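*Asks:* To start, I am sharing the structure in question, which I have written as structure tokens.
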Amino acid sequence: MHFLVITGKVKAGKKKGRKLGFPTINIAVPKSIKKSDWGIYFSLVKIGNSLYPGVTHLGPPKTFSFWRATCETYLLTLKQDLYNKKVEKRLIFRFREVEQFPTINKLRKQIKKDIKAARKFFGL
């Protein structure tokens, strides 16, 4: 199976996901990533020897008028502080494009739908 793999240390982001109720783990976007790679993905995140399912946003968070690409993942089954830990994000299936939402509330509703779809995809 072919999928994108992005590795890096978890770093502090702008905490927008946390404020929306969906804390994410953020890593730097490598220069090798192209605009055509941007999207919302079902992903598996390798931390140590374990894999955790998640939803990854790869691209600019347009709703916040931020145009530089970010790589942030909401983990479905793990809630812990991962700052400065090395992780490997395996972006296994892009299920929608990056969008700009007219309101924060519409973004929050879409994130809830994305998480529900991911739970179904992973059988959770």
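Quick note: the coordinates plus some simple rules give every number you see, no bench work behind them. In this text the structure is predicted, and so the values were computed from the model without any measurement. Here the Cβ is made from the backbone with ideal geometry for all residues, glycine too, and neighbour counts use every protein chain on show.
*Asks:* In whole angstrom, how long is each semi-axis of the equivalent ellipsoid of the stretch 4-122, when you take the square root of 5 times every eigenvalue of its Cα gyration tensor and sort them from largest down? Provide the component values of the computation, followed by the final result.
*Replies:* On the way: eigenvalues 76, 52, 42 Å².
Result for the stretch 4-122: semi-axes of 20, 16, 15 Å.
*Asks:* In whole Hz, with x marking every Gly and Pro, tabulate ³J(HN,Hα) for the stretch 40-46 from phi via Karplus 6.51 cos²θ - 1.76 cosθ + 1.60, θ = phi - 60°.
*Replies:* Couplings: 10, 10, 7, 9, 10, 10, 8 Hz.
*Asks:* Roughly speaking, what is the centre-to-centre gap between the stretch 1-30 and the stretch 50-124 when only Cα atoms are used, to the nearest Å?
*Replies:* 8 Å
*Asks:* Moving to a separate point now. Which whole-number value in Å³ per residue fits the convex hull of the alpha carbons of the stretch 60-124?
*Replies:* 121 Å³
*Asks:* If you don't mind, there's one more thing I want to ask. Tell me what the chain gives for mean residue ellipticity at 222 nm when only DSSP H runs of n ≥ 4 count, each as -39,500 (n - 2.57), the sum divided by the residue total, rounded to 500 deg cm²/dmol. Let's see the in-between values first.
*Replies:* Details: 2 runs with 24 residues, N = 124.
Roughly -6000 deg cm²/dmol at 222 nm, from the helical runs in the chain.
*Asks:* While we're looking at this one, here's another question. Check residue 8: other-chain or 5+ apart residues with amide H under 5 Å from its amide H, H built from backbone geometry?
*Replies:* Hits under the 5 Å cutoff: 87, 89.
*Asks:* What FRET efficiency comes out for residue 119 versus residue 11 if R0 is 25 angstrom and r is the Cβ-Cβ distance? Round to the nearest 0.05. Working shown, then result.
*Replies:* Working: r = 27 Å, r/R0 = 1.06.
After rounding to 0.05, the efficiency reads 0.40.
*Asks:* Another one. May I ask you to work out the translational diffusion coefficient for the stretch 14-65 at 37 °C, viscosity 0.692 mPa s, via Stokes-Einstein with Rh from the Kirkwood sum over Cα pairs, reported in whole µm²/s? Walk me through the numbers on the way to the answer.
*Replies:* On the way: Rh = 12.6 Å.
It diffuses with D of about 260 µm²/s by this estimate.
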